[in-house]
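Readers should treat all values here as calculations from the given coordinates under stated rules, not as data from a laboratory. On a predicted model such as this, the values are computed, not experimentally measured, just so you know. Note that we place each Cβ from the backbone using ideal geometry, even for glycine, and neighbour counts take in every protein chain shown.
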Amino acid sequence: ATLATVSRCGMVWFSEDVLSLEMLFANYIRRLKAVPIDDTERFYGIHCISSNKTSTVEETPEMEVQRQVAEAVAGQFTPDGVVVKALEWALKKEGHIMELTRMRSLGSLFSMLN
């Protein structure tokens with residue numbers, strides 16, 4: 001879509017170049033800790049979870065599991081963690097059926113983790 005189309009739809013578009021891996025990882029981990037996965041609209045919505053707001057999410061066993069999973073996997077989303085290493089390896093490989101991008105790869109990873 002062109003920028004004009006994007007603006008008419010009321011969306012904010014960011015070039016993949018301005019979003020660092022650290023920003024993407026932090027947003028995913030914050031969402032995992034704060035938004036129930038089964039609330040698909042909110043979890044996959046365009047709104048970012050602010051790091052300085054307290055959560056009003058109902059305490060449920062499912063949310064406790066999500067928080068525990070977020071804590072368990074957070075260390076793998078560091079600059080020297082397995083996620084970055086795997087992403088770098090995948091981007092160097094030839095023969096992908098579709099164009100492989102960071103965003104497409106991370107989107108698939110986040111979906112599988114959910």
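Computing FRET efficiency as 1/(1 + (r/R0)^6) for residue 67 and residue 111, where r is the C-beta to C-beta distance and R0 is 22 Å, gives about 0.70.
A Förster radius of 25 Å combined with the Cβ-Cβ distance from residue 22 to residue 60 puts the calculated FRET efficiency at roughly 0.30.
Given axes a ≥ b ≥ c from the Cα gyration tensor, I'd like to know whether the stretch 52-114 is rounded (a/c under 1.5), prolate (a/b larger than b/c) or oblate. It is prolate, given that a/c is not under 1.5 and a/b is the larger ratio.
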